[in-house]
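Down below is the structure, laid out as structure tokens.
The values are calculated or read from the model by the stated rules, or taken from the named source; none is laboratory data. The model shown is predicted, which means the values in this text are computed figures rather than measured ones. Here Cβ is always computed from backbone atoms with ideal geometry, including for glycine, and neighbour counts include all displayed protein chains.
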Amino acid sequence: MTVIDAHVHLWDLAARPQPWTAEFPALQRSFLLPDLELVLDSHGVDAAVAVQAGDTTGETLDLLQFPMRHPAVTSVVAGMRTAAEVRTAVRYLAEPVPDAAWTELEASARLGETAHAGEDPYTDRRRRA
């Protein structure tokens, strides 16, 4: 049986601050794909639906790329307020994120803090899928 977590948030507070977390100190840290990997694996969960945490178009556009990049993120729930934002998001989906951008993100110190030494959570997950 496949188990899917239907509501997770992914954010990098250095790139996109989440002011609403001020009331919740435990949430005042970035939660990125390697963090998600660890949580899913430790609880026997196969995949997740990423839900938008903030209310910016930029975050929506970032979020829509995750299922195309990582097999653990099977879907997204993105907030869009206007027809123009929907059209922008649809156009954005047609434009792949350059591999160099993903390589830079994967190699960043922020992501490296959460992965186990010697593990590559991106390729390891793909091998298991």
Legend entry - Only one of Thr74, Thr82 that is of a type in the set (S, T, N, Q), more than 24 Å from Pro34 (Cα to Cα) and modelled with pLDDT of 80 or more: Thr82
Inset, instruction - Could you pull out every one of the strands (runs of 3 or more DSSP E) wholly within segment 4-84 that has 1 or more residues that are surrounded by fewer than 16 Cβ atoms within 10 Å (Cβ to Cβ) and either touching a helix residue (DSSP H, G or I) at 6+ places or on another chain (Cβ under 7 Å) or of a type in the set (Ser, Thr, Tyr) (or both)? - result: 73-77
Inset, instruction - Identify all residues within segment 65-75 that are of a type in the set (A, V, I, L, M) and within 9 Å of the chain's Cα centre (by Cα); write none if there are none. - result: Val73
